[in-house]
Ligand SMILES: Nc1ncnc2c1ncn2[C@@H]1O[C@H](COP(=O)(O)OP(=O)(O)OP(=O)(O)O)[C@@H](O)[C@H]1O
Ligand SMILES: [Mg+2]
């Protein structure tokens, strides 16, 4: 089946749009006979105050800014896949008793009630069957639940509509990040971290499957402030001076502890950083020291920049494009 799907997908084009507080990231990818190609990309400014913590505060300003980014990227398609992020947006692997696949959607509503910070009736849910597991002789289904507040999803669709763009799909940002980085995290348990301007998004991936995502509302601005402080000695000391960054690291440690406890003392094998914050020099080393984990920079894997793109200019922004590329990969990968 997969092979047929691949044949049909050749030539398929998809656009991912990752709208953040500070920047709008757009990427167009295409499936060719050689694999997945990045055809176009751009990073443009978000109008100040239009987005905060994943929420749209100024729809008109955002809608007015979107066409310029697509134009700069030379993206002509008007169909896009977007992400949502923020406090009440999450994805989580849950277990269900073995039931027919068509009943999963209904069954998950009951189960979701226990995991969502908002009422199930106010949320948009998506569910994917991950695999069947046998534990203590009992068959169970592992499913990946993704949820976001309906109001948030609608506000994005409306803003894009105002920019004459059609939303083909909406996805939890953490899952798009996991898809774009999946080739870097096929084994073991890894933490993926998107360091944005106002938010830090976390996804824990085990054996290539996202287990859990979480958003911390304290992002890379804290890290930028740290960088702006002159280092008394040449080194990671500059980072240690920033109170905001300490707070972010504390929250990251807490999330890691929570995950280890939930998954019976699982060892975390490493961390990948992406988002604009991952472009800060030495950030990986600083995080490795502070969190006592191997840390590296995550860049989209399995996507080749088109021959017409300048590899150096892509490489410079690759960590920041992870989510936008992961969104586009949803449709053609
Ligand atoms: N070359 C660079 N060096 C250092 N920092 C950088 C560089 N490029 C971008 N950044 C930082 O990345 C941040 C923007 O990252 P990103 O585009 O991921 O945020 P965002 O998606 O707009 O925010 P959010 O996800 O919180 O809504 C900026 O705050 C900026 O300081
Ligand atoms: Mg972001």
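Computed from the coordinates by the stated procedures, all read-outs in this text should not be read as laboratory data. As the structure is a prediction and not an experimental result, all values here were calculated from the model. Every residue, glycine as well, gets a Cβ built from its backbone with ideal geometry; the counts of neighbours run over all protein chains shown.
In this simple spin-label model, placing a label point 7 Å from the Cα along the Cα-to-Cβ direction at both residue 158 and residue 106 gives a separation of 3.3 nm. Quick check on the stretch 249-321: take the gyration tensor over C-alpha atoms, sort the square-rooted eigenvalues as a ≥ b ≥ c, and tell me if it's rounded (a/c under 1.5), prolate or oblate. Because a/c hits 1.5 or more and a/b exceeds b/c, the stretch 249-321 counts as prolate.
Dividing the Cα radius of gyration of the stretch 70-168 by 2.2 N^0.38 Å, with N the residue count, gives 1.35. Our summary of shape: the Cα atoms of the stretch 1-92 have principal axis extents of 45, 36, 16 Å, ordered from largest down, in whole angstrom.
Working from Cα pairs under 8 Å separated by at least six residues, relative contact order for the chain is 21 percent.
Residue ranges 167-176, 183-192, 307-316, 288-297 sort as 167-176, 183-192, 288-297, 307-316 when ordered by packing (mean number of other C-beta atoms within 10 Å per residue, highest first). Estimate the FRET efficiency between residue 307 and residue 74 by the formula 1/(1 + (r/R0)^6), using the beta-carbon distance for r and 22 Å for R0, to the nearest 0.05. Efficiency at R0 = 22 Å is approximately 0.90. Rg over Rh for the stretch 90-147 works out to 0.97, using Cα positions for both radii and the Kirkwood form for Rh. Could you tell me the calculated FRET efficiency between residue 114 and residue 260, based on Cβ-Cβ distance and R0 = 35 angstrom, to the nearest 0.05? After rounding, the FRET efficiency stands at 0.95.
Specify the inter-centroid distance of the stretch 34-104 and the stretch 302-333, based on alpha-carbon positions, in whole Å. Using only Cα atoms, the two centres lie 15 Å from each other. How would the chain be classified by its alpha-carbon gyration tensor: rounded, prolate or oblate, with rounded meaning a/c under 1.5 and the a/b versus b/c comparison settling the rest? Taking the square roots of the gyration eigenvalues as a ≥ b ≥ c, the chain is rounded.
In the elastic network of the chain, a GNM with C-alpha springs shorter than 10 Å, the most mobile of 154, 70, 245 is 154. Here's the picture: a label point sits 7 Å out from the Cα of residue 129 along the beta-carbon direction, and within the stretch 167-203 nothing has its amide nitrogen under 16 Å of it.
Remark: the Cα gyration tensor places the stretch 44-128 in the prolate category, a/c being 1.5 or greater and a/b exceeding b/c.
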